[in-house]
Amino acid sequence: MSQASTPVASSPAASPRLLVAASGTGGHLFPAIATAEALRQEGYCIEWLGVPDRLETTLVPSHFPLHTVSMAGFQGRPGLGTIKTLAKFGRATVQVRQLLKKGGFDGVFTTGGYIAAPAILAARSLGLPAVLHESNALPGKVTRWLSPRCTVVALGFEAAQSYLPRAKTVVVGTPVRDEFLTLEPPVLTDPVIPDGVPLIVVVGGSQGAVAVNQLVRAAAPAWIDAGACIVHQTGSNDPDADSYSHPHYIHRPFFGSMAALMHRATLAIGRSGAGTLTELAISRTPSILIPYPFAAEDHQTINAKAFVDAQAAVMLNQSQVVATDFQTLVLDLLADPQQLSAMATAAGKLATADSATKLADLIQKVVLNR
């Protein structure tokens, strides 16, 4: 196990110590960071558990000391790779157990994914509480497998409860980045979009969405001719990102002002990861959702259905999207402000603005009652 990448600050002996295990994507990391920040304000000493060469090695060290263990998920059919993965899992569990003992931690908090498994098992083997947050409407395999071992499982969607019959569950919503929780909606200054101009914001999540990007670029001229501006977060994996150019089409791999973009957006287009949906709800943004078709167990489709059922979004199946129909759907929505307003109101009803506080309070109760 690699050691913390930043020095561990001294803290009062009475300060509770919590190990946060979150790794991989923004959907796992941003809710964990928001919750950890809320706990730190309550006097908690926070350290982080992640995996080398993943997003946490960039995002976390400026906030919290980071430890890493070598881990991998189970892919494909059982074979030699499965044996290697099991060996890594066993070593990681032992290493995390040693870290928890040596660090005098009072509990573990995780947002799921394969890093959650060694963290939960190590904590429970030492009699420490383990709190897991599941942001998706369809809980992941690790959550379904280990939820009975957790002290409590916090949920982003009420629909997830039916998949976890043997776990103690509490619905708290999904925490979002602080920038979404300002008293006044943030003003978009980069890029500058003129007042009164319809704005279409396209975001494929932290990994991008090449198929969605292609659909958007094909339809962009018609949308621009109709008077709209387009801000397109393409991700860093799109080889054709620069293939279309227009003054009213602004594209970058990533935008730092996502909260301001969502609040300014007339309509958003993107995937349906739990983090994206939470941000759409908080910012009351009408949306067209195109679930990532290769997401584990198609959980993004189940996420999206929760928004469709609430009439907050329209969902399209990526394999069945016809480019001309997609183009027309957006034009029809832009021409119907009453429908957009109704979708915005419905999205807002799905929001839990104080989710980080609720989750932090839940963790504190669990740790205090250990």
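Each reported figure results from applying straightforward, stated rules to the coordinates on display, with no laboratory input. This structure is a prediction, so every number in the text was calculated from the model and none was measured. Backbone-built Cβ (ideal geometry, glycine too); neighbour counts: all protein chains shown.
Per-peptide packing, taken as the mean over residues of other Cβ atoms within 10 Å, places 285-295, 50-60, 239-249, 25-35 in the sequence 25-35, 285-295, 50-60, 239-249 from highest down.
Sequence-distant contacts, meaning Cα pairs under 8 Å at least 6 residues apart, place the relative contact order of the chain at 15 percent. Electrostatic tally near Ala38: other residues with Cβ closer than 10 Å to its Cβ, Lys and Arg +1, Asp and Glu -1, net -3.
Only beta bridges with both residues in the range 181-349 are counted; by DSSP, about 5 percent of them are antiparallel.
Panel order for Val212, Val321, Val197, by other beta carbons found within 10 Å of each beta carbon, from fewest to most: Val197, Val321, Val212.
One equal scatterer on each Cα of the range 181-349, no solvent, Debye formula: the resulting log10 I(q)/I(0) at q = 0.11 Å⁻¹ is -0.39. Placing +1 on the Cβ of every Lys and Arg and -1 on the Cβ of every Asp and Glu, with no other charges, gives the chain a dipole of roughly 1940 debye about its Cα centre.
In terms of distances greater than 19 angstrom between alpha carbons, the cross-link table entries Lys168/Lys358; Lys102/Lys141; Lys141/Lys168 yield Lys102/Lys141.
Spin-label pair Leu86-Thr345: with each label point 7 Å from Cα along the Cα-Cβ axis, the two points sit 5.7 nm from one another. Per the Kirkwood formula applied to alpha carbons, the chain shows a radius of gyration over Rh ratio, Rg over Rh, of 0.99.
Calculated on the alpha-carbon coordinates, the convex hull of the range 15-144 measures out at 105 cubic angstrom per residue.
Here each label is just a point 7 Å from Cα along the line to Cβ, and for Gln214 and Leu126 those points are 4.9 nm apart. Remark: the range 84-242 is approximated by an ellipsoid whose semi-axes, taken from the C-alpha gyration tensor as √(5λ), come to 41, 19, 16 Å, largest first. Straightening the chain between Ala310 and Gln98 buys 71.7 nm, computed as 0.36 nm per residue apart minus the Cα-Cα spacing. Cβ crowding within 10 Å ranks Val153, Val192, Val96 as Val192, Val153, Val96, fewest other Cβ atoms first.
Sort 130-139, 335-344, 224-233, 154-163 by packing, meaning the average of other beta carbons within 10 Å per residue, with the highest value first.
So the peptides 130-139, 335-344, 224-233, 154-163, ranked by packing, come out 130-139, 154-163, 224-233, 335-344.
Picking from Leu183, Ser245, Ala335, whose Cα lies most toward the positive end of the charge dipole for the range 181-349 (charges on Cβ: Lys, Arg +1; Asp, Glu -1)? Farthest towards the positive end: Leu183.
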